[in-house]
Amino acid sequence: MAVPTGRPSLRTAFKKSRAITPLYTSGPIAITADGSMLVTCVAENVILTNASTGVEICRFVCDSHPVSSLCMTPSSSHLLVFTSSLSLRIYDLPDLSLGSAKLVQPIRIIPRSHDAPIHVCKADPTSTHVASGSADGVVKVWNILRGYVTHVFKGHGGVVSALAFDYPQDTTSLSQESVMRLITASVDTRIRIFNLNQGESTSNGGGRPEALLEGHVSVPRGLDVSFDGRWLVSGGRDSVVLIWDLSPSMQPSKKEKGKSSLKRLPILVRTIPVLERVEAVGILSPGENLAGDLAKSDELRFFTGGEKGIIKIWDGSNGKVLLKLGTEQTTISDDHQEQRQIVDLLYVPSISTIVAAHADQNILFHSLATGSLSRQLIGYNDEIVDATFLSPPFSAVQDSHLALATNSSLIRVYSTLKFDARLLDGHSEIVLALDHGQDGALLASGSKDRTARLWVSFSGDGPEWGYGCVAVCEGHSESIGAVALSRGGGRFMFTGSQDRTIKMWDLSDVPSVYSGLGQAVVRCGSLTTHKAHEKDINALDVSPDDRFLVSGSQDRTAKVYTIIYSGLGGSARGELKLLGTCKGHKRGIWSVRFSRTERVLATGSGDKSIKLWNLDDFSCLKTFEGHTNSVLRVDFLNAGLQLVSTASDGLVKLWSVREEDCVATLDNHEDKVWALAITAGGRTIVSGAADSVVTFWEDCTEEQEAEKEEKRAEMVLKDQDFLNFLSLNDYRRAIQLALSMGQPGRLLSMFRSLEISRDSKQQSNTWSPAVDKVIQSLGGSDLAKLLRYVRDWNTNAKTSAIAQTILFAIFKSRPANNIIQAFSDEYVEKAFGDNEVSNTTATTDPSGFALKEMVDALIPYSERHLSRMERLYQESFVVDYILGEMDEGMFNADVAAYDEVEMGS
């Protein structure tokens, strides 16, 4: 009996399970009424995202122009998109229960909806009409389903800045019947009210407003009407919010043609100073609860968002702030404040949530019921520089969070389960390096601001989870490009800098829990400073037992040090002693890593190679070559049996240390892969690249092996079935089975045996009438596959006779249209199998190109075989002539000799 060695088997296959891709770059956003799906803009693309998971659902086909405005109907049935090409595109939102296509085509396109760029649009409460305002001061109202213009309003004094529909859905407090009105605002600071049901404003030539409101001194950016249609709230960049009473107080207007008329004139009832430029305004639903406080149904409460980046809930009766959502940033830089400002707010009453889109491309979900941040989606990560897994104490799952360093001073921390994210603000310049401690609770970061910071999680789980800075390390004179925390529980950390020194820091006083904003930040002391390299230090790593430190530098060397640390007695001491230098790389070293199980060290270099070093004599044991550009990250996997590397070629490679070869190549990036992180169990690999994509690779080796074994067993059964069909002369099933298995060799062998045993008395296009019937009745995809086999057989003179026979039988028994349709059927079957075709997706059918390619491949070889047969046929006459001449000459010579003998006798 074999004794199990316990040595893990090689992992040879990883599949892409999830990815963090760009979600929102700029522009407008929209959300469904139930808050489940979010529509955002990524460059010129419009994408639909699952709001709870952050996973992309589908994309809407646009015209490769930037989106200038978009909105969704309140019923969540249609999406309307205006682009800079002045076109209007109307889409049906996909039904997730029925499955959705990767691309959603518009149901209607209006090429030139306006004569100037469209900046705002708004759908009415009935989801029947949409209003759009352009830069030339024209407002149009469209019928969504039919796509025609119902109203055109001109006369605005510049760009239309805000739109709102007034259609009271609760008319119990009003004495008049419901009338739909459109309220507009423009850069001339005026607000206009148009009647869409009656009056002069219905004229397509540009009707006059029934009311003109003046009160703002700057551009109004937000308009909203209360549920009962009584109140209008407007907010602008003049830092005030105006509340207007729209109740039906009828006042006489000017006489027109001898008749007097009554018009409803709104009244300004309150001016509320907001003390910040307002970019969005909205009114809360009656009875909406705020952080557990019950509200009266007749209270007017509204929200504002603007330059300070926070949402304020106001009481309309007294102008007081009821609640603040978000954290107000006290920034020094004007650019930083500009990034944090709110550009749009969406109110979702069904889930009591306000969604805020910020200028820094982040989307925040604020819960009104709890008054906290319930979810944050990061729209764009820019270049991913580094990544590391975290295991906060409040999480029961190991490696439940992922920290990312991007081309930003903010650190991103993602929940790997829901992609909910938090931003860690503390560094003043770009963060270059990340690392985690032994248990994954402590996070270290190094930045261009020449400081390193230590972060720990909040004291509890919940919607307010996050990390806070508890310590800072200052002392380097240049950027910190590498950090390494203790692996064995020691309270120390190393930093490597462009100043070519390594510093060892005492972390004895660093707290393990972040208690709040008022917590003091610990200033860590330096235990030692070591002049390590002649050029920039790019990487550091501490051995699992905290005995050794390795550093990699642009000077093409990796140096190994002995760590001498003592933390007893309350006074920590630390020192580094050089053990040896690993020399052999031809360019700078970007990554270094100790093995967890063996006394070896791996390094990745700009010379496109990975080297494995012996820690006893610092000699190079093995060299791994395969990347086509600089190796940027390297790490051990599977108990040290394998290596994982990333490079500037955009690839992630999996290596076998023993065999010294690449066992798998993972490709999902288009730029340099700077970040690499592996879970503790090695089941998941995370790679992050300069293309702002983070990919999660899951180990699927066992699944792949099981699938291979299942296919092998299935193939054995099919082989036996094929032999059984041949023995029973069931050619139909035999041919169909060989086609389904994709084994042209078996088909060729069967046709050869039929050719040998052919009965010349039978009338057949092939070798048997049964085969003729099979070819005549083959389905579309099977016929196309058989023609491809024929094309391949036709290239060889030995098999050309069989190919020509089958080709003759196909063209003899099937019309040309039927053959053309076979390739189209094959494409449709393949597309449905790949889930690439839907009722709403128009795709180009390449079957015509495939048929042309087939014919182009058959003709030259067929002509060559024909000329060869003609040549053989002509040569056969020569052979017959020669043989005839030879036979006749011999016979005549014998006759002449006989005659001479007879005559002589």
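Which order do the peptides 145-155, 599-609, 707-717, 788-798 take when ranked by the mean count of other beta-carbon atoms within 10 Å per residue, highest first? Provide the component values of the computation, followed by the final result.
Working: 145-155: 14.8, 599-609: 22.0, 707-717: 10.5, 788-798: 16.5.
Top of the packing list down: 599-609, 788-798, 145-155, 707-717.
Give the long-range amide H neighbours of ARG18: residues separated by 5 or more places, or on another chain, with amide H under 5 Å away, using H modelled in the peptide plane at 1.01 Å from N.
Counting only residues 5 or more places away or on other chains, the set is PHE696.
Relative contact order, percent, of the chain when contacts are C-alpha pairs under 8 Å separated by at least 6 residues?
Details: 2173 pairs, mean separation 57.0, N = 905.
Value for the chain: 6 percent.
Counting Lys and Arg as +1 and Asp and Glu as -1, what is the net charge of the other residues whose Cβ lies under 10 Å from the Cβ of PHE419? The partial results should precede the final answer.
Working: positive: ARG18, ARG375, LYS418; negative: ASP420.
Taking every other residue near PHE419 into account, the sum is +2.
Show me, bin by bin at 10 Å from 0, the whole-percent P(r) of the range 584-647 based on Cα pairs.
Bins of 10 Å from zero give 24, 58, 17, 0 percent of pairs.
Nearest 500 deg cm²/dmol is fine: what mean residue ellipticity at 222 nm does the chain get from its DSSP H runs of n ≥ 4 alone, each adding -39,500 (n - 2.57), divided by its residue count?
Values: 9 runs with 171 residues, N = 905.
So the helix-based figure for the chain works out to -6500 deg cm²/dmol.
Output wanted: per-residue J couplings in Hz (rounded whole) for the range 645-657, from phi through Karplus 6.51 cos²θ - 1.76 cosθ + 1.60, θ = phi - 60°, x for Gly and Pro.
Calculated HN-Hα couplings, in order: 9, 10, 8, 6, 7, x, 10, 10, 10, 10, 10, 9, 5 Hz.
Starting from the Cα-Cα distance between TYR881 and GLU575, subtract it from 0.36 nm times their residue separation and give me the gain in nm to one decimal. Can you show the working numbers first?
Numbers: separation 306, 0.36 × 306 = 110.16 nm, distance 10.36 nm.
Between TYR881 and GLU575, full extension yields 99.8 nm more.
Under a 5 Å amide H to amide H cut-off, with H placed in plane at 1.01 Å, what residues pair with VAL281 once short-range neighbours are removed?
Those qualifying (amide H under 5 Å, at least 5 residues apart or on another chain) are LEU223.
At a 10 angstrom cut-off on C-beta neighbours, averaged per residue, how do the peptides 448-457, 18-27 rank from highest to lowest?
Working: 448-457: 22.8, 18-27: 19.2.
In decreasing order of mean packing, 448-457, 18-27 become 448-457, 18-27.
Could you go through the range 209-218 in sequence order and give the Karplus-derived ³J(HN,Hα) for each residue, using 6.51 cos²θ - 1.76 cosθ + 1.60 with θ = phi - 60°, rounded to whole Hz, and x for Gly and Pro?
Listing the rounded values in order: x, 7, 8, 10, 9, 10, x, 7, 10, 9 Hz.
Using 0.36 nm times the number of residues separating VAL716 and SER477, minus their current alpha carbon distance, what extension gain do you get? It would help to have the intermediate numbers written out before the result.
Details: separation 239, 0.36 × 239 = 86.04 nm, distance 6.89 nm.
Value of the extension gain: 79.2 nm.
Over the range 15-122, what is the relative contact order in percent, taking alpha-carbon pairs closer than 8 angstrom and at least six residues apart? Mind showing how you got there, number by number?
Details: 232 pairs, mean separation 22.0, N = 108.
Result for the range 15-122 is 20 percent.
I'm a student and want to see the number: the projected area of the Cα convex hull of the chain, averaged over all directions, in nm².
Approximately 63.8 nm², given one-decimal rounding.
What value in Å³ per residue do you get for the convex hull of the alpha-carbon atoms in the range 21-113?
For the range 21-113, the hull spanned by Cα atoms encloses 90 Å³ per residue.
For the pair SER727 and GLU625, how long in nm is the line joining their label points, each one 7 Å along Cα→Cβ?
Distance between the two pseudo-spin positions: 5.5 nm.
Find how much the distance from THR128 to LEU517 grows on full extension, using 0.36 nm per residue of separation minus their present alpha carbon separation; answer in nm with one decimal. Spell out each step's value before the answer.
Details: separation 389, 0.36 × 389 = 140.04 nm, distance 4.84 nm.
Length gained, THR128 through LEU517: 135.2 nm.
Provide the FRET efficiency to the nearest 0.05 for the ASN614-SER566 pair, computing r from the beta carbons and using R0 = 22 Å. Mind showing how you got there, number by number?
Working: r = 29 Å, r/R0 = 1.31.
The value I calculate is 0.15.
Give me the one-decimal nm value for the distance between modelled label points at THR529 and ASP856, 7 Å along each residue's Cα-to-Cβ direction.
Label-label distance for THR529 and ASP856, simple model: 6.9 nm.
Arranged from highest to lowest average of other beta-carbon atoms within 10 Å per residue, in what order do the peptides 525-533, 627-635, 494-502 appear? Don't skip to the answer; put the middle values down first.
Details: 525-533: 17.2, 627-635: 21.4, 494-502: 23.1.
Top to bottom by mean Cβ count within 10 Å: 494-502, 627-635, 525-533.
Long-range amide H contacts for HIS401: which residues qualify at under 5 Å (H placed 1.01 Å from N, peptide plane, sequence gap of 5 or more or a different chain)?
LEU390, THR416
Return the sequence-ordered ³J(HN,Hα) values of the range 400-414 in whole Hz as given by the Karplus equation 6.51 cos²θ - 1.76 cosθ + 1.60 applied to θ = phi - 60°, using x for Gly and Pro.
Coupling constants for the range 400-414: 7, 10, 10, 9, 10, 9, 10, 6, 7, 7, 9, 8, 9, 10, 9 Hz.
What translational diffusion coefficient, in µm²/s and rounded to a whole number, does the Stokes-Einstein relation yield for the range 459-703 at 37 °C and a viscosity of 0.692 mPa s, taking the hydrodynamic radius as the Kirkwood radius over Cα pairs? All intermediate terms of the calculation are to be shown ahead of the outcome.
Details: Rh = 19.1 Å.
Translational D for this selection: 172 µm²/s.
Values quoted throughout were computed directly from the atomic coordinates according to the rules given, and no laboratory measurement underlies them. Predicted model, so just to flag it, every value in this text is computed and none were measured. Glycine also receives a Cβ, built like all others from the backbone with ideal geometry; neighbour counts cover every protein chain displayed.
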